[in-house]
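In what follows, a structure is listed as structure tokens, so that the remarks can point back to it.
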């Protein structure tokens, strides 16, 4: 395209400055002629090494590519040749037309680069931030035990129906803080993924006692061929015969769609 613009500028330099005539009514006006020429020069730039060129010496013997350009302006090859003959015979008008052609091509080039940059930026953003869906529908913090007489309830069960999810990662996350007086040494967070075909997967994560915050995380890949319809389990599965005071915070159940080979960010 730069070579084409250089040729146009060279033509403009050679054109003389004579009295400016009006374009006949039966010919395309200056702005339309500039658009037509810009389309043709842009087409030639795309064709590049194919060596297809506009042949003005043979009646209606224009390649299909150029014919498509003329068809957009409802022109025949003869009409285009007639218009070019008039403009070539009036260099002052043709000079302004070529100046407009350069402006059009420059504007289109800038618009194309801008669109390509936006598309590239969108792809980068999509790669960095996969589509996420928050599924947890209960309070995000619990203090166990709920009641001293009921140790089963202290396991913190959950049961969440979901809308046929597939092709992604399901992730259960929570933070645990044990109370020093507790007798429990460890526990598990357990997640059971249930599918439309009545199959299920059971996953667990061992939580070891610590008086600092302990992060629990269970993740599972859901294939494209499976439809996830329910996620259930226990946030704090343990030996119910022992005292197990603990605080559970920042509970999250997340589905990450189409993660592919990317590494999921761990908290």
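Every number in this text was worked out from the coordinates using simple rules, so none of it is lab data. Nothing here was measured: the structure is a model prediction, and the numbers come from that model. Counting neighbours? That spans all protein chains shown, and the Cβs are built from the backbone with ideal geometry, glycine included.
Here are a few things to note about the model shown:
- Added length on full extension, which subtracts the Cα-Cα distance from 0.36 nm per residue, residue 132 to residue 199: 21.7 nm
- Shape summary of the range 66-106, radius of gyration then Dmax from alpha carbon positions: 11.5, 29 Å.
- Extending 7 Å from the Cα toward the beta-carbon at both residue 110 and residue 143 defines two label points whose distance is 6.3 nm.
- Report note on the peptides 110-119, 79-88, 30-39: ranked by the mean count of other C-beta atoms within 10 Å, highest first, their order is 30-39, 79-88, 110-119.
- Point-to-point label distance, residue 183-residue 72, nm (Cα→Cβ direction, 7 Å offset): 8.3
- Peptides 95-102, 138-145 ranked from most to least packed give 95-102, 138-145, packing being the mean of other C-beta atoms within 10 angstrom over each peptide's residues.
- FRET E, pair residue 206, residue 123, Förster distance 30 Å, beta-carbon r, rounded to 0.05: 0.15
- Note on the range 131-257: Cα-only Rg and Dmax are 15.0, 47 Å.
- Estimated FRET transfer efficiency (residue 239, residue 159; beta-carbon r; R0 22 Å; 0.05): 0.45
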